[in-house]
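Student: Before I ask anything, let me first share the structure, which is written out below as structure tokens.
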Amino acid sequence: MSFLFLQAAASGIVTGCVYALVALSLVIVYKSTDVVNFAGGELLMLGGYLGLLALIYFELSYPVMVIAVIAAMYVVGALFERITLGTVRGRRYSKNAEADLVPVVVATIGLGYLLKGAVRVVPYTEEVRRLPPLLSGPPIFVGDVILQQQDVAIIAATVVIMLALTIFFGWTRIGKALRATSQNPRAAALIGIPVKSMRMIAWGLAASLAGIAGILLSPKLLMTPDMGNVVMLAFAAAIIGGFSSLVGCVVGGVILGVVQNFIGILFSPQAMSVTPFFVIMLILVLRPQGLFGELAFKKV
């Protein structure tokens, strides 16, 4: 039984890191533009399919494919912000700034449906596929626990990306400018920060990160246009850890993944689908700002 729980914990950490990668892309947008991105799952799905297209049809090597997908996803995110969100923000719907965020959120929902519909009309996407793993080879044994090399790649990528983003937002001029743009766009513009460019960078980075998550997840999950539904679990991870905390996203994702697996062992696999929502309710009751967030969801 102890081996079963250890293996479940290891698998939960890997699964939680996948949730965390998607949650990080959501938090980048939130920290930089104060907008919740409901198209994060579809961006992940698009990244996976672009990677498959690059490997199979264009016959690119895996490293070149990863770079190409990151660049393509950056363009998708930046263009969406400039063309769609820029137009929506240019119209004043009310005198309340918070009310004006509603059309922006609706636009992100529309992007999700647009991407899902666009992928569905592409030939062969109705077939269930898998992306070849980034790392392949014999499994790795950590004591009695068995990990696939792709699992190690997911964990390593999550930790590296979290550290890189923490440094980026905390110690670089562009990262600080992105945070200033979110906290007070008008004041940021008055001190010379190009607000429109900062928003484009934020969306480009978030889309690229979602693309990386899609590349890492697609070898483990059956690829379908609906695979972006994992975004609900990413939202759960972000809420558990704190929607403004990068470290919190990773911790929240790991907690959620491990708890899900334990619930599946102790009760039933069917109970795993309810676990994220139960954990969200528990966190909202006991600590609404999340484990690593500030009161009222203030940004760190």
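Student: Counting each DSSP H run of 4 or more residues in the chain as -39500 (n - 2.57), what helix-only mean residue ellipticity at 222 nm follows after dividing by all residues, to the nearest 500 deg cm²/dmol?
Tutor: -22000 deg cm²/dmol
Student: Ordered by packing density, taken as the mean number of other Cβ atoms within 10 Å over each peptide's residues, highest first, how do 213-219, 196-202 rank? Show your work: numbers first, answer last.
Tutor: Values: 213-219: 26.9, 196-202: 21.0.
Descending mean neighbour count gives 213-219, 196-202.
Student: Given springs between every Cα pair under 10 Å in a Gaussian network model of the chain, which of Ile154, Ile191, Ile255 has the largest fluctuation?
Tutor: Result: Ile191 has the largest fluctuation of those listed.
Student: May I pose another question? Calculate, in whole percent, how much of the Cα-Cα pair population of the chain lies beyond 24 Å.
Tutor: 52
Student: In the chain, with Lys and Arg counted as +1 and Asp and Glu as -1 at Cβ, which of these residues, Thr172, Ile212, Leu50, has the Cα nearest the positive end of the dipole, that is, farthest along it?
Tutor: Sorting the options by dipole projection puts first Thr172.
Student: Further question on the same structure: When averaged across all projection directions, what area in nm² does the alpha-carbon convex hull of the range 22-122 cover?
Tutor: Hull-based average projected area comes out at 6.9 nm².
Student: Taking only pairs that are 8 or more places apart or on different chains, how many Lys pairs in the chain have Cα atoms under 30 angstrom apart?
Tutor: Final tally of qualifying lysine pairs is 18.
Student: Can you tell me which of 164-173, 51-60 comes out highest on packing, and rank the rest after it, using the mean Cβ neighbours within 10 Å? Could the numbers behind the result be given before it?
Tutor: Numbers: 164-173: 13.3, 51-60: 16.7.
Listed from highest to lowest mean packing, they are 51-60, 164-173.
Student: Which residue fluctuates most in the GNM of the chain (Cα springs below 10 Å): Gly252, Gly40, Gly117?
Tutor: Among Gly252, Gly40, Gly117, the largest mean-square fluctuation in the Gaussian network model of the chain belongs to Gly117.
Student: Taking only Cα atoms, what is the 0 to 90° angle, nearest 10, from helix 173-183's long axis to the longest principal axis of the chain?
Tutor: Value to nearest ten degrees: 70.
Bear in mind these aren't lab numbers, they're just calculated from the coordinates by the rules spelled out. Remember, it's a predicted structure, so these values are computed and weren't measured experimentally. Backbone-built Cβ (ideal geometry, glycine too); neighbour counts: all protein chains shown.
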